[in-house]
Amino acid sequence: MKKMVALISALVVLMVAFSGCVGDNKSAVNGTEPNSSGENVNPAESTANVSELNESAVNVTEPSNSGANVGSADSTANTSEVNKPSGSGTDSSNSGSSTNTNSAENAADISKLETLPEGFTYVGHVSLNAADIKIDYNADNVSEVVGGSEGMYKYNESDFYIDVIELENSEATTNLIDAYKSSFKPLTEGSRFVDESFNGHSAVRIADYVTAGGTEVPRYTYIWSNENHVFVVTGSTADDSLVKQLAEATGY
């Protein structure tokens with residue numbers, strides 16, 4: 001009987017000892033460690049908390065001058081808005097009421113008459129560059145020549161031309177007309193240059209002579225200025241009234 005009691009006691013001691021070992025192993029397997037407060041802390045949870053702290057540190061932005069946090073993307077957007085030109089928000093090169101126009105197109109529009117005197121027909125027009133204008137009008141010393149256009153017309157068998165020359169300013173138009181007039185030699189009889197008026201302004205009629213059929217016949221040119229343009233109308237006819245009609249039809 002005593003042996004039986006001793007055996008049971010030994011079994012109880014072994015079971016208690018075994019239970020303690022199992023409890024220690026379970027704690028080791030779970031990886032929990034006691035913290036300073038005595039509570040068990042899971043290392044995995046501790047690591048997750050550290051990464052959350054790091055992420056929070058990364059997302060923190062520098063405070064703006066107003067005290068509010070401004071992200072880098074928002075900061076870039078605000079900078080681009082500051083750099084926009086004032087006004088309607090369009091590019092500054094397109095702002096303003098003035099626009100650049102092509103002088104050759106303007107001259108072409110003027111040289112093509114919408115309303116023609118009876119008997120005249122429009123043939124076409126060609127552009128005139130500054131170099132050719134200076135040669136044709138003896139205007140090498142007139143540096144302000146921009147360009148121009150020559151409108152071509154017919155009246156029966158005669159050819160007529162309207163040259164519209166654009167210059168940088170009105171003073172240059174006077175210089176070009178004077179240069180052109182200086183290219184003519186004085187006539188032995190009569191006056192080569194005659195002042196006439198039409199459309200509310202004065203113009204100069206220039207008489208020249210060419211040989212046709214063995215005979216010298218006159219040819220006439222009307223020249224005048226309007227603002228920064230010079231108008232030159234001429235025709236292959238001895239009838240100066242036809243040339244004047246076309247000159248008046250310009251409306252300038």
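The values are calculated or read from the model by the stated rules, or taken from the named source; none is laboratory data. This one's a predicted model, so the numbers in the text were calculated from it and none came from an experiment. Glycine also receives a Cβ, built like all others from the backbone with ideal geometry; neighbour counts cover every protein chain displayed. Ligands, DNA and RNA are excluded from the accessible area calculation, which covers all protein heavy atoms including side chains. Shrake-Rupley method; radii C 1.70, N 1.55, O 1.52, S 1.80 Å.
Distances longer than 22 Å among the Cα atoms of the stretch 176-252: what percent of all pairs is that? The answer is 23 percent, as a whole percent.
Measuring with a 1.4 angstrom probe and ignoring ligands and nucleic acids, residue 137 comes out at about 10 Å² accessible. When the alpha-carbon atoms of the stretch 101-248 are used, the pair Rg, Dmax equals 14.9, 48 angstrom. Relative intensity of the stretch 114-197 on a log10 scale, I(q)/I(0) at q = 0.14, 0.15, 0.16, 0.26 Å⁻¹, equals -0.64, -0.72, -0.80, -1.14, per a Debye sum over C-alpha point scatterers of equal strength in the absence of solvent. Packing around the peptides 238-245, 190-197, taken as the average count of other Cβ atoms within 10 Å per residue, puts them in this order, highest first: 238-245, 190-197. Each residue of the stretch 172-180 was assigned a 3J(HN,Hα) from its phi angle through the Karplus curve 6.51 cos²θ - 1.76 cosθ + 1.60 (θ = phi - 60°); the sequence is 5, 5, 5, 5, 5, 4, 5, 5, 5 Hz, with glycine and proline shown as x.
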